[in-house]
Structures are given as C-alpha cells and as structure tokens.
Amino acid sequence: MKILVLNGPNLNMLGLREPGIYGSQTYDDLVAFVQQSAQALGMQVDIRQSNHEGELVTCIQQARGTADAIVINPAAYTHTSVAILDALLAVNLPAVEVHLSDVHSREDFRRMSYCARACQHVIAGQGFDGYRTAMAWLKKNRPE
C-alpha cells in the first residue's frame, strides 16, 4: 500500500514553534517516525510538506494513480481551504486527517475543518502517533 503523507504550513517549524503545544521534536524527527511506522506496517510512504496551499493541492492531484490513500495534516489550511477540500474530493482516494494537537479542545476556529468533509477519519491529539494510527486505520479499512 502506497500512502501520500502530506503536511501543511509551519510543520517544518516543529521543535521551534510552540513546543508547549507541539513538543520539542523536529520535522525531521516526524519524517523518520512516519517512515519507520510505514515500514513496520508494510507500507510505502511519500512524505511531503509545503507552506503553500497551491502546492498542497498539486500534491493531492498527483496522488491520483500513484498512491492508494492520503494521510493529511493540513495544519492552518484545515480551517480555511476549500481548494484542498476540492482536491481531496476530486482524487477520490481514502484519506485520514491528522493533527498533532487536540484541535477540538483549542480555540473555537480550530474546531471546524473543511478537509474533514473529504476524509474518512480524523485523528487529533496523539502527536506523532496520530500518523501511525492513521496509516494503520487506512490499512485496516482498505477497500478490497
């Protein structure tokens, strides 16, 4: 199973950005964790990060025909991007939305997700483990 793992804006700043919320591990640590988790699950991953909405849309579109599913942490675009929602709907791949923090217990504006409307599952507040949970969920719920 091939998974596109897509990370949105400011995730490249992990370890520096609000460590009280996001922890002290870096983006490189996250990439290593996702790679190790995928290997343990018998999956292949293509991990990408962008601070640009259009680039994230392009990555989603390119997943059609090259990936079996998407794990996406749209970060701040979760709450604002109809373009990412539309791209997820257009490619029609199974998708799981992931957030490091528990967005549902934070500010009100973080509780609304456009992207979740195109995702089969949402995982929030598990830190890095949320990515492993998402990949395991996709593997378990893979259409035959």
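Expressed in nm to one decimal, what extension gain is obtained for the pair Val31 and Thr58 from 0.36 nm per residue of sequence separation less their Cα-Cα distance? If you can, show how the numbers build up before the last one.
On the way: separation 27, 0.36 × 27 = 9.72 nm, distance 2.03 nm.
My answer for the length gained is 7.7 nm.
Whole-Hz Karplus values for region 4-13 come out as 8, 10, 10, 10, x, x, 6, 5, 5, 9 Hz, taken residue by residue from phi with 6.51 cos²θ - 1.76 cosθ + 1.60 and θ = phi - 60°; glycine and proline positions read x. Once the Cα-Cα distance is subtracted from the 0.36 nm per residue extended length, the Gln126 to Arg142 segment shows a gain of 3.6 nm.
Once the 1.4 Å probe is applied to the protein heavy atoms, region 48-141 comes out at 47 Å² accessible per residue.
With N set to the residue count of region 64-144, report its C-alpha Rg divided by 2.2 N^0.38 Å to two decimal places. Walk me through the intermediate numbers first.
On the way: Rg = 12.3 Å, N = 81, 2.2 N^0.38 = 11.7 Å.
Expressed relative to 2.2 N^0.38 Å, the Cα Rg reads 1.05.
DSSP H helices in the chain with Cα extent of 15 Å or more along the helix axis and mean Kyte-Doolittle hydropathy at least -1.0?
Numbers: long enough: 27-41 (21 Å, 0.31); 53-63 (16 Å, 0.15); 129-140 (16 Å, -0.82).
Counting only whole DSSP H runs, the qualifying helices are 27-41, 53-63, 129-140.
Looking only at Cα atoms, what is the convex hull volume of the chain per residue, in Å³? Please list the in-between numbers first.
Details: hull volume 13.4 nm³, N = 144.
Residue-normalised Cα hull volume stands at 93 Å³.
Here the Karplus curve 6.51 cos²θ - 1.76 cosθ + 1.60, taken at θ = phi - 60°, turns the phi angles of region 64-72 into couplings of 5, x, 10, 10, 8, 6, 10, 10, 10 Hz, with x standing for Gly and Pro. Take the Cα of Ala90, step 7 Å toward its Cβ, do the same at Thr66, and the gap between the two points is 1.5 nm. Quick check: net charge around His121, other residues with Cβ under 13 Å of its Cβ, Lys/Arg +1 and Asp/Glu -1? For residues surrounding His121, the net value is +3.
The values are calculated or read from the model by the stated rules, or taken from the named source; none is laboratory data. Just so it is clear, the structure is predicted and the values come from calculations on it, not from any experiment. Cβ atoms come from the backbone with ideal geometry, glycine included; neighbour counts cover every protein chain shown. Keep in mind that these areas ignore ligands, DNA and RNA; they rest on the heavy atoms of the full protein, side chains included. Shrake-Rupley method; radii C 1.70, N 1.55, O 1.52, S 1.80 Å.
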